[in-house]
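What follows is a single structure, written as structure tokens, with notes after it.
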Amino acid sequence: MALIDDIKASLRITSHAFDAEVDMLIGAALYDMERVGVNPDLLDEENLENRFVVTAVTAYCKAHFGYDNPEADRFDAAYRRIVADLLNSAENIAAIAAEPEPEPEPEPEPEPEPDTETEPGSEDGGE
């Protein structure tokens, strides 16, 4: 089952009338998690295997879908707790640690100083 289908089921949506809104919310949740530091490898929408991420996306969508949701604050708080736990998870930390560190930029070579071998007090221009 695709992620959008899982989210729609959790929102009790059976038609395709709200697919664009649900898809937008899924993208916003994934972007928000990446923005705060969740490793992007864990957020690949085509290959979401981490159920913690799916649960966070579900809570985000439940908090932001529709108008006048009396449970919005509760779902938003749940989303934030899940993301905090995900940030501290061994899987996220291991994924970040596995990223290769960028190679340092080589330092530029210092420019050679101009050759100034004229004797003090003598100037070119003759007598």
**Request:** Report, in debye and to the nearest 20, how large the dipole of segment 1-85 comes out about its Cα centre when Lys and Arg carry +1 and Asp and Glu carry -1 on their Cβ.
**Result:** 360
**Request:** Scan (i) 10.6; (ii) 7.2; (iii) 16.7 for the value of mean projected area of the Cα convex hull in nm² calculated from this model and give just the label.
**Result:** (iii)
**Request:** Select from Pro40, Pro70, Pro106 the residue whose mean-square fluctuation is largest in a Gaussian network model of the chain (Cα-Cα springs shorter than 10 Å).
**Result:** Pro106
**Pairwise FRET efficiency - Asp44 versus Glu103, Cβ, R0 = 22 Å, nearest 0.05** = 0.30
**Request:** Keeping the other protein chains in place, figure out the carbon and sulfur percent of the accessible area of segment 1-101, with a 1.4 Å probe.
**Result:** 52
**Request:** Take the chain, connect every pair of alpha-carbon atoms lying under 10 Å apart with a spring to form a Gaussian network, then pick out the residue of Glu91, Glu113, Glu21 with the largest mean-square fluctuation.
**Result:** Glu113
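Relative contact order, percent, of the chain when contacts are C-alpha pairs under 8 Å separated by at least 6 residues?
22
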**Asked** Which helices, counted as full DSSP H runs in the chain, have an axial Cα extent of no less than 24 Å and a Kyte-Doolittle average of -0.5 or above?
**Response** 19-36
**Request:** Using label points projected 7 Å from each Cα along Cα→Cβ, tell me how many nm separate Asp19 and Asn88, to one decimal.
**Result:** 4.0
**Request:** Please give the per residue accessible area of segment 26-98, computed with a probe of 1.4 Å over protein heavy atoms only, in Å².
**Result:** 58
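The values are calculated or read from the model by the stated rules, or taken from the named source; none is laboratory data. Quick caveat: nothing in here was measured; it's all calculated off a predicted structure. When we count neighbours, we look across all protein chains shown, and the Cβ atoms used for this are built from the backbone with ideal geometry, even at glycine. Ligands, DNA and RNA are stripped out before the accessible areas are found, and what is left, the full protein with its side chains, is counted by its heavy atoms. Shrake-Rupley method; radii C 1.70, N 1.55, O 1.52, S 1.80 Å.
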